[in-house]
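Written out below as structure tokens is the structure these notes cover.
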Ligand SMILES: Cc1ncc(COP(=O)(O)O)c(C=O)c1O
């Protein structure tokens, strides 16, 4: 099977190295917020142009603590999109604010045209999502938000390696959230996340809030949560970061190959393909016959996935107590997008097989 992700292979490749480091940590009794965590935060800060990098238990917590750090809560509205992992909206609800869903453009991303009509006096933040690690025009969103006192929290959960003007995204808004879930391009062997910000107040808040507001072992200055990154995860991530750029390069090569090889087929190529800076967390194609194409690829032992088949406003969690909304582009794209395998464990021949199968599907469909 040509798989859509390489979670197992990644862990297996590096298992000897990781286990050796873990044995050292076990011997030292270093389990939570230890030296490995400090080292990983320093790496992330350097990657993000010197911004504060506060490690957490998950990307979801990074979104939540960014909102709490900005004092966003009950009575406030936060605008985001519906074609994202549920965590983006879940974090807004967990912060006590009201999520407001904007439609996306043909590139699957929210933009000023879809955000602006939803803004009102209660709007306190916008969370643009770098879906699939695709670059988005965050500067235009910031230009729209700043004069109105609205914060921009960048959801970079899928965007390690995504760049804007050559720099890692996630440092232009008020704060950003990265996920180190095992499925991510830079994933741990369990949950992990990072809040990145250039705002000292948010950084100070997050650093305290992730550990129950504790200043010393027995003194708490605010009620927070337990969102500490453990040393075992940080140590695995510190090993993986050494390979990250190599892995990202391979993803780009594969994406460029797909772009080129699928030109002229009815299956449209990745919408972010032409834009510089994408990190191809997902490489997607678009097809009116998406479900048939997915089944066809499975027959040829090619796993293709759908991210995300059910937009948030159609999830039971939303329908329970949120207003019904119609998001035509989001809904159409949820029926048409298909994620192809795109990761560094794929060989050239794997990628050729995927392209060959898509081309055969196209011919079969025409007949
Ligand atoms: C777009 C997006 N936002 C937020 C998250 C939440 O990250 P985590 O799973 O680390 O909490 C994810 C994770 O899959 C995601 O893809």
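Need at least 1 residues that are within 30 Å of residue 13 (Cα to Cα) and touching a residue at least 40 places away in the same chain (Cβ under 8 Å) per element, so show me which helices (runs of 4 or more DSSP H) inside segment 271-353 make the cut, counting only ones lying wholly within it.
Of the helices (runs of 4 or more DSSP H) lying wholly inside segment 271-353, those with at least 1 residues that are within 30 Å of residue 13 (Cα to Cα) and touching a residue at least 40 places away in the same chain (Cβ under 8 Å) span 290-299.
In segment 236-266, how many residues are in a helix (DSSP H, G or I), more than 21 Å from the chain's Cα centre (by Cα) and touching a residue at least 40 places away in the same chain (Cβ under 8 Å)?
Residues that pass the stated criteria total 3.
When you check residue 291 against the structure, is it surrounded by fewer than 21 Cβ atoms within 10 Å (Cβ to Cβ) and either more than 24 Å from the chain's Cα centre (by Cα) or farther than 30 Å from residue 40 by Cα (or both), yes or no?
Yes.
Looking for whichever is within 16 Å of the ligand (Cβ to nearest atom), farther than 30 Å from residue 235 by Cβ and part of a helix (DSSP H, G or I) here; the options are 93, 104, 78. Which one fits?
93
When only residues in segment 112-137 that are under 15 Å from residue 152 (Cα atoms) and at pLDDT below 95 count, which is nearest to the ligand (Cβ to nearest atom)?
136
Between a first residue in segment 184-195 that is in the same structural domain as residue 154 (by TED's automatic domain parsing) and part of a loop (DSSP other than H, G, I, E, B) and a second residue that is more than 11 Å from the ligand (Cβ to nearest atom) and at pLDDT below 95, which pairs have beta carbons less than 7 Å apart while being 6 or more apart in sequence or on different chains?
The qualifying pairs are 189/11.
Given the condition surrounded by 18 or more Cβ atoms within 10 Å (Cβ to Cβ), within 18 Å of the chain's Cα centre (by Cα) and within 16 Å of residue 4 (Cβ to Cβ), answer yes or no: does some residue in segment 311-329 qualify?
No, that holds for no residue.
Might you let me know whether segment 67-74 holds any residue that is surrounded by 24 or more Cβ atoms within 10 Å (Cβ to Cβ) and under 19 Å from the mean Cα position of the chain (by Cα)?
Checked segment 67-74: at least one residue is surrounded by 24 or more Cβ atoms within 10 Å (Cβ to Cβ) and under 19 Å from the mean Cα position of the chain (by Cα).
Looking only at segment 156-180, which residues are outside any loop (DSSP other than H, G, I, E, B) and surrounded by 24 or more Cβ atoms within 10 Å (Cβ to Cβ)?
Selection gives 175, 176, 177, 178, 179.
The values are calculated or read from the model by the stated rules, or taken from the named source; none is laboratory data. On a predicted model such as this, the values are computed, not experimentally measured, just so you know. Quick reminder, even Gly has a Cβ in these numbers, built from the backbone with ideal geometry, and neighbours come from all protein chains shown.
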